[in-house]
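What follows is a short report on a single structure.
Values in this text are rule-based calculations from the coordinates and carry no lab data. Only a predicted model underlies this, so the values are computations on that prediction, with no experimental measurement involved. Cβ coordinates were reconstructed from backbone atoms using ideal geometry, including for glycine residues, and neighbour counts include every protein chain displayed.
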Amino acid sequence: MITEVVMPILAKIAYKLSPRLCFSLQYFHNRHRFPNLSNPKNFSEVIGYQIVRGEIDQYYELVDKIKVRNYLAKWGFADYLPKVYKVWDNANDIDLTGLPERFIIKTNHGSGGHIICKNVNMLNVNDIKEHFDKMLHVVYNPWETQYAKIQPLVYCEEFIEDGHTIPTDFKYMCLDGEIKAILLCFDRDSNVHKLVYDENWNKLPYVKEKAFVGMNYPKPKNLEEMNKIAKQIASRFVQVRVDLYNAFGKIYIGELTFTADGGILRTFTDKAIKEMGRK
């Protein structure tokens, strides 16, 4: 079996030879078969098709968590954006003065690695600087070239309160302007729980982890509004993942992603990505 250490090295070599080969090897490593990138059908293949054709590179400003705010505001979603308190282009410039008691610090190009503050007086600014100095230099999958075009920044954002230590993430998987699935990630401060629903809040057996079979999550009272936001954004693209939060009825837009999970969609079963794809 190819180890997790060797696979990234092979991926970089493969990408230099061929983006198609690179994505196909990653897909095979996780799905144990090669993708159809000539006539894509399942959701993962559609993403892979866009990757190998270089179609996703154009969205580099939309996956920049700072620059995308300008687009979302222009599209009429300004009221759904969390407040941004400060932005730094150098980790050594991070300064916590003047910030509210609770907030979250992130990078504009990263996935994970954020720091949640619930009491600003408990933070060690030097530890934060050291952490984000590393995060600013994180390198992503070689086929996700849109992230390489982003100028890495650190920013401080409003902390979204929804009753959980880390707010529940509603990840809308959209294809051809339609909601194919809503992936919920919750209780992320411990062992993240994942459930999948359709847009009418019918639970779908799409997640690989069997441990979540007996779980349920309450239907948001403003689900229709959340669906509407996701569909309006998705109507502009072939496929996109729209991440939303719901804080006691107040909806926030988190980010847009065009290569969800590197395009492989490892959380989802083979049957799921087929049903989420094109007929």
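Within the shell of other residues whose beta carbon sits under 11 angstrom from the beta carbon of Tyr60, the net charge comes to -2, with Lys and Arg scored +1 and Asp and Glu -1. By the Cα gyration tensor, region 169-275 has an equivalent ellipsoid whose semi-axes, rounded to whole angstrom, run 19, 18, 13 from largest to smallest. Note on Lys219 and Leu99: their simple-model spin labels are 3.9 nm apart, each label 7 Å out from Cα toward Cβ. Which one of Val84, Asn191, Val240 has its Cα pushed farthest toward the positive end of the charge dipole of the chain, where Lys and Arg give +1 and Asp and Glu give -1 at the Cβ? The Cα lying farthest towards the positive end belongs to Val240. Based on the alpha-carbon gyration tensor of the chain and its eigenvalue square roots a ≥ b ≥ c, which shape applies: rounded if a/c is under 1.5, prolate if not and a/b is larger than b/c, or oblate? Because a/c hits 1.5 or more and a/b fails to exceed b/c, the chain counts as oblate.
If Lys and Arg each add +1 and Asp and Glu each add -1, what is the summed charge of the other residues whose beta carbon sits under 10 Å from the beta carbon of Pro152? Result for the neighbourhood of Pro152: -2.
As a rough footprinting exposure proxy, the listed residues Phe23, Phe77 were ranked by other beta carbons within 10 Å of their own, and the order from fewest upward is Phe77, Phe23. Taken about its Cα centre, the chain carries a charge dipole of about 980 debye when Lys and Arg each add +1 at the Cβ and Asp and Glu each add -1 at the Cβ. Kirkwood-type hydrodynamic radius, region 206-268: 13.6 Å, calculated from all non-identical alpha-carbon pairs. Here is the list for region 23-129: GluC sites (Glu not before Pro) lying in DSSP coil, each with at most 16 other C-beta atoms within 10 angstrom of its C-beta, are Glu55, Glu61, Glu101. Extension gain, Asn191 to Lys41, is 50.8 nm, computed as 0.36 nm per intervening residue step minus the present C-alpha separation.
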